[in-house]
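Quick note: the coordinates plus some simple rules give every number you see, no bench work behind them. Quantities reported herein were computed from a predicted structural model and do not represent experimental measurements. All Cβ positions, even for glycine, are placed from backbone atoms using ideal geometry, and neighbour counts span all protein chains on display.
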Amino acid sequence: MTASLDVTDPTAATRVVSDAVDHFGRIDVLVNNAGYGLITAFEEMSPEQIHQQFATNVYGVMNVTRAVLPVMRRQRSGHLFTIASMGGYLGGSRGTAYAASKFAVAGFTESLALELEEFGITATIVGPGYFRTDFLDKSSAILEPATLIEDYRASNAAFRAATETANHAHKAIRTLSAACLLKSQRRENRHFTCRSAPTPSSLSSSITTPC
């Protein structure tokens, strides 16, 4: 079964969850993975861009989680994975709105884990570093400022050059992330953070820490 979903629409989230239960009979795992990066200097972002960043990265996670939780509570089981980022633990230049959104979902998930423990539901934060994906492409990130400020021009150019060099060149691959998720489902320690740690040259490579 596949279904399209705009995570910013709570009604759509409820509908898709209902369809999934009708099809499968239950929901055992939710991976909150929808998101994108707003990657530019804070002053150059518009309020609308920041609002949309939170609408997708934060409220989208909450919308889908809220839709799934009644199902998992009835089952007295389930596992919620929230894909945060190393940007949810470590801020960086040009990542103000993105990091803020990921700090938010990390705090949300960590707190939610404590609320859900009595129902046998696990909540896990996944904080990956750089992976070999399309995340730094324009299809997955907003890289251009809404308002260009001359004072940022030189540092913007240097940042863009570093980003373009790093894009699709990361050493960590997606299979490592999948292995991390599978391993976490079997851990006795039910609430933990699975992180991928950046190397000193974090824009060009990364290593994966044990999950």
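Observations on the model:
- Label-point separation in nm, Ser4 to Ala161, each point 7 Å along Cα→Cβ: 4.1 nm
- Qualifying trypsin sites (Lys or Arg not before Pro) in segment 1-93, DSSP loop, other Cβ atoms within 10 Å at most 11: Arg76
- Centroid-to-centroid separation of segment 144-165 and segment 1-69 [C-alpha atoms, Å]: 29 Å
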